[in-house]
Amino acid sequence: MSSAEPVIRSRQTEKEVNGISTQVVCTEFSNYIFIVLTQYGKMGTLISVTPDSRSNDISTPAFSTKVLLGKDEPLTHVCAKNLATFVSQEAGNRPVLMGLALKDSTIDAIKQMKEIIKSCQVW
């Protein structure tokens with residue numbers, strides 16, 4: 001048996017964001033990109049971020065968010081959309097499933113977290 005590419009590709013890393021240990025795991029499935037971003041060491045709230053097919057402009061699709069498990073709060077939707085939109089666009093507008101457990105959700109922290117996600121790119 002040859003050493004073929006794994007069926008499911010996954011990368012993970014851990015970095016500090018504003019003094020808080022932050023872990024990221026990115027996994028590519030055929031139909032979804034799955035990202036876990038945690039500052040608590042657990043999966044947290046599970047959110048689906050999907051390109052909206054009803055968008056008129058294909059080059060900049062709108063994205064809808066839906067909390068599947070966990071607390072459904074407006075800030076959760078804002079963070080998920082900010083963190084996952086570029087992933088979906090770079091992955092050919094595939095939907096993103098995101099697990100979020102954040103202590104720091106400031107604009108500066110979100111920008112740093114986007115860079116960490118980019119460092120774990122599997123799409």
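Looking only at the range 21-49, count every residue that is closer than 16 Å to T65 by Cβ and over 11 Å from the mean Cα position of the chain (by Cα) and tell me the total.
2
Can you report the number of residues in the range 80-123 which are assigned to a loop (DSSP other than H, G, I, E, B), farther than 21 Å from A62 by Cα and either open to solvent by 30 Å² or more (accessible area, probe 1.4 Å) or among the aromatic types (F, W, Y) (or both)?
5
Of the conditions (1) modelled with pLDDT under 95; (2) assigned to a helix (DSSP H, G or I), H77 satisfies every one except a single condition; which number is it?
Among (1) modelled with pLDDT under 95; (2) assigned to a helix (DSSP H, G or I), H77 violates only (1).
For residues that are surrounded by 14 or more Cβ atoms within 10 Å (Cβ to Cβ) and either closer than 16 Å to E90 by Cα or not polar (S, T, N, Q) (or both), tally how many sit in the range 21-39.
Number satisfying all stated conditions: 12.
For (1) of a type in the set (D, E); (2) under 16 Å from N82 (Cβ atoms); (3) modelled with pLDDT of 95 or more; (4) part of a loop (DSSP other than H, G, I, E, B), each residue gets a yes or a no:
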{"site": "K15", "(1), (2), (3), (4)": "no, no, yes, no"}
{"site": "N31", "(1), (2), (3), (4)": "no, no, no, yes"}
{"site": "V36", "(1), (2), (3), (4)": "no, no, yes, no"}
{"site": "V49", "(1), (2), (3), (4)": "no, yes, yes, no"}
{"site": "S55", "(1), (2), (3), (4)": "no, no, no, yes"}
{"site": "S59", "(1), (2), (3), (4)": "no, no, no, yes"}
{"site": "T65", "(1), (2), (3), (4)": "no, yes, yes, no"}
{"site": "L68", "(1), (2), (3), (4)": "no, no, yes, no"}
{"site": "K71", "(1), (2), (3), (4)": "no, no, no, yes"}
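The values are calculated or read from the model by the stated rules, or taken from the named source; none is laboratory data. Given the structure is predicted, the values throughout are model-derived calculations rather than measurements. Glycine also receives a Cβ, built like all others from the backbone with ideal geometry; neighbour counts cover every protein chain displayed. Quick note on the areas: whole protein, heavy atoms, side chains included, nothing else; ligands and nucleic acids left out. Shrake-Rupley method; radii C 1.70, N 1.55, O 1.52, S 1.80 Å.
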